[in-house]
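The values are calculated or read from the model by the stated rules, or taken from the named source; none is laboratory data. Only a predicted model underlies this, so the values are computations on that prediction, with no experimental measurement involved. Positions of Cβ are backbone-derived with ideal geometry, glycine not excepted, and every protein chain shown enters the neighbour counts.
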Amino acid sequence: MTRMTVIRRADVVTDPIVVGDVETLVADPSAGAVVSFSGDVRDHDHGRTVATLTYEAHPTATAITTEVANEVAARHDVVAIAVIHRVGPISIGESALVVAVSSAHRKEAFAACADLVDTIKERLPVWKHQVFTDGTDEWVNCA
Amino acid sequence: MTRMTVIRRADVVTDPIVVGDVETLVADPSAGAVVSFSGDVRDHDHGRTVATLTYEAHPTATAITTEVANEVAARHDVVAIAVIHRVGPISIGESALVVAVSSAHRKEAFAACADLVDTIKERLPVWKHQVFTDGTDEWVNCA
Amino acid sequence: MTHAQPVEVHLFAAARAAAGVERMQCPPGPLGNVLNHLAGHAPALAEVLPRCSYLIDGIAARNSDSEIPVPPGGRLDVLPPFAGG
Amino acid sequence: MTHAQPVEVHLFAAARAAAGVERMQCPPGPLGNVLNHLAGHAPALAEVLPRCSYLIDGIAARNSDSEIPVPPGGRLDVLPPFAGG
């Protein structure tokens, strides 16, 4: 790795995440590319209208966020990384997961950002509970 | 294509671009993923320190931005797209090109975003003039 | 056999919903036995467990690790499939 | 041959910098001839042209399209390699 990638932020929060702020966290005069991902709450899931959505996190979630961020940073030549997952009740259109990566050139930023999102989704012990307008509810991935 | 992709914005501007605003442009209740790219002005190029940077655009640049946005939209199953290129003088750290794509799932948003950035860079008739702190200057890709 | 100290079981998300409680106690032993015991607690839980993964005193384990001991006074976290982001 | 209406040449970015002007006129004819004429204008421009692409009345053309006519009164845009984003 030509430079040590800096983990500017790896966190689990309950407050709304502002994507622009996460991007600013990774900005760097040496980085020509910033790629970001925002996983937003959708109003539909498998044809049912979502009324409310709540994320629950295991106590180790924050530590694992940092662990994954470091792992992904080690396998990409990027300048800085930030990843924040939000838990608790989240409204439609708000961000549940935001990842931002900066790098000298765009190829690495795209690759590292996608890798980090995939790995977080695979490893982060959080669960998504959806209540639908018809009164039914569901733990995602667990119906 | 399951739905018509909406080009929320395809433009060439001179004012600073706020990445968050471009992302908001593509937000949609049906879109669970928003991926964005920002091409920022770096302080170094091939070892020389950049003092100022200016982009020049051919008069057809705006029309070509729209043309490319529509082409890319047609080859990806995404919800909405926005692409803005800035011309004129731009300071270090500011965005020269911002692309945002929203889609139901992240895979398409990542693919379409990368495709749009690549195609814009290939097709958009704009030129980058860098003046270095040592007083030398350079038209990028044309030295 | 004197009464061995029980295992503290922490149930999350769908597992908690299925069991109707977030904390339980059960006898220590190999993971397989412990899970059978939990499955007996509620049919809904028996349905969820096959999709769960576990932490035994913080160390990840899966259903297939049936021989791994869950010690007396140990902690077992029952983790339904993750659904982040 | 009566004096045919000249071609309006629009030079951009590095091409303008090399030519020292942004607008020029030159005799109409096949693209190859027109480019030779432009190359003769300034050595720096001769150096840049091989990397350029062109618009002939708005239609894209390349150095290799040497036979394509640049008509009298037509417009030729000289476009150095793009460097967006």
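Quick one: which residue in A:Val68, A:Val72 is farther than 25 Å from B:Val19 by Cα, in contact with a helix residue (DSSP H, G or I) (Cβ under 6 Å, 6 or more places away or on another chain) and in a helix (DSSP H, G or I)?
A:Val68
Which residue is surrounded by the most Cβ atoms within 10 Å (Cβ to Cβ), if the candidates are limited to segment B:122-143 and must be in contact with a Leu (Cβ under 8 Å, 6 or more places away or on another chain) and facing another protein chain (nearest Cβ under 8 Å)? Can you show your working first?
Filtering segment B:122-143 for residues in contact with a Leu (Cβ under 8 Å, 6 or more places away or on another chain) gives B:125, B:128-131.
Restricting the remaining residues to those that are facing another protein chain (nearest Cβ under 8 Å) gives B:125, B:128-129.
Details: B:Pro125: 21, B:Lys128: 23, B:His129: 19.
Here the residue is B:Lys128.
Could you tell me which of the residues D:Ala17, D:Ala4, D:Ala46 is surrounded by 14 or more Cβ atoms within 10 Å (Cβ to Cβ) and more than 22 Å from B:Thr60 (Cα to Cα)?
Criteria check complete, one pass: D:Ala46.
Taking only segment D:63-85 into account, find how many residues are without any contact (Cβ under 8 Å) to a residue 60 or more places away in the chain and either in contact with a helix residue (DSSP H, G or I) (Cβ under 9 Å, 6 or more places away or on another chain) or in a helix (DSSP H, G or I) (or both).
Residues that pass the stated criteria total 11.
Just to be sure I understand, how many residues within segment A:19-42 are without any contact (Cβ under 8 Å) to a residue 40 or more places away in the chain and either within 12 Å of A:Ala80 (Cα to Cα) or within 7 Å of chain B (Cβ to nearest Cβ) (or both)?
Taking segment A:19-42 first, the residues without any contact (Cβ under 8 Å) to a residue 40 or more places away in the chain are A:20-21, A:24, A:29.
Now drop any that are not either within 12 Å of A:Ala80 (Cα to Cα) or within 7 Å of chain B (Cβ to nearest Cβ) (or both), which leaves A:20, A:24, A:29.
Of the residues in segment A:19-42, 3 are without any contact (Cβ under 8 Å) to a residue 40 or more places away in the chain and either within 12 Å of A:Ala80 (Cα to Cα) or within 7 Å of chain B (Cβ to nearest Cβ) (or both).
Give the residue that is nearest to A:Ile64 (Cα to Cα), with candidates limited to residues of segment C:35-60 that are within 14 Å of another protein chain (Cβ to nearest Cβ) and not aliphatic (A, V, I, L, M).
Looking at the filtered set, the residue picked out is C:Gly58.
Pick out the one residue from A:Glu94, A:Glu56 that is touching a residue at least 12 places away in the same chain (Cβ under 8 Å), within 26 Å of C:Glu22 (Cβ to Cβ) and not aromatic (Phe, Trp, Tyr). Walk me through it before giving the result.
On the way: A:Glu94 fails: within 26 Å of C:Glu22 (Cβ to Cβ).
Answer to the check: A:Glu56.
State which residue is farthest from B:Glu122 (Cα to Cα) when the search covers only segment D:18-62 and only residues that are assigned to a strand (DSSP E or B) and among the basic types (Lys, Arg). Even if it seems obvious, please write down each step before you answer.
Going residue by residue through segment D:18-62, those that are assigned to a strand (DSSP E or B) are D:23-26, D:29-30, D:53-56, D:59-62.
Next cut, among the basic types (Lys, Arg) only: D:23, D:62.
On the way: D:Arg23: 25, D:Arg62: 15 Å.
Filtering first and then ranking leaves D:Arg23.
Give the residue, chosen from C:Ala42, C:Ala18, that is modelled with pLDDT under 95 and over 11 Å from the mean Cα position of the chain (by Cα).
Going through C:Ala42, C:Ala18 in turn, the sole match is C:Ala42.
Return yes or no: is D:Glu8 of a type outside the set (Phe, Trp, Tyr), without any contact (Cβ under 8 Å) to a residue 24 or more places away in the chain and within 14 Å of another protein chain (Cβ to nearest Cβ)? Don't jump to the end; show me each part of the working.
Values: of a type outside the set (Phe, Trp, Tyr): yes; without any contact (Cβ under 8 Å) to a residue 24 or more places away in the chain: no; within 14 Å of another protein chain (Cβ to nearest Cβ): yes.
Taking the combined requirement at face value, the residue does not satisfy it.
In segment B:48-68, how many residues are touching a Pro at 6+ places or on another chain (Cβ under 9 Å) and either more than 7 Å from every other protein chain (Cβ to nearest Cβ) or buried (at least 23 other Cβ atoms within 10 Å of the Cβ) (or both)?
Summing the residues that are touching a Pro at 6+ places or on another chain (Cβ under 9 Å) and either more than 7 Å from every other protein chain (Cβ to nearest Cβ) or buried (at least 23 other Cβ atoms within 10 Å of the Cβ) (or both) in segment B:48-68 gives 9.
Among the residues of segment A:102-122, write down those that are part of a loop (DSSP other than H, G, I, E, B) and among the small types (Gly, Ala, Ser).
The answer is A:Ala104, and nothing else.
Of the numbered conditions (1) within 14 Å of chain B (Cβ to nearest Cβ); (2) modelled with pLDDT under 95, D:His3 fails exactly one; give the number of that condition.
(1)
I need the full set of residues from segment B:123-137 which are outside any strand (DSSP E or B) and within 24 Å of the chain's Cα centre (by Cα), in order please.
The answer is B:Arg123, B:Leu124, B:Pro125.
For segment D:61-85, give me the residue count where each residue is over 12 Å from the mean Cα position of the chain (by Cα) and within 11 Å of chain B (Cβ to nearest Cβ).
The qualifying residues number 5.
Pick out the one residue from A:Asp77, A:Asp45 that is over 12 Å from the mean Cα position of the chain (by Cα), within 14 Å of chain B (Cβ to nearest Cβ) and surrounded by fewer than 23 Cβ atoms within 10 Å (Cβ to Cβ).
Sole residue among the options that is over 12 Å from the mean Cα position of the chain (by Cα), within 14 Å of chain B (Cβ to nearest Cβ) and surrounded by fewer than 23 Cβ atoms within 10 Å (Cβ to Cβ): A:Asp45.
Could you run through segment A:80-114 and say how many residues are buried (at least 18 other Cβ atoms within 10 Å of the Cβ) and of a type in the set (D, E, K, R)?
Result for segment A:80-114: 3.
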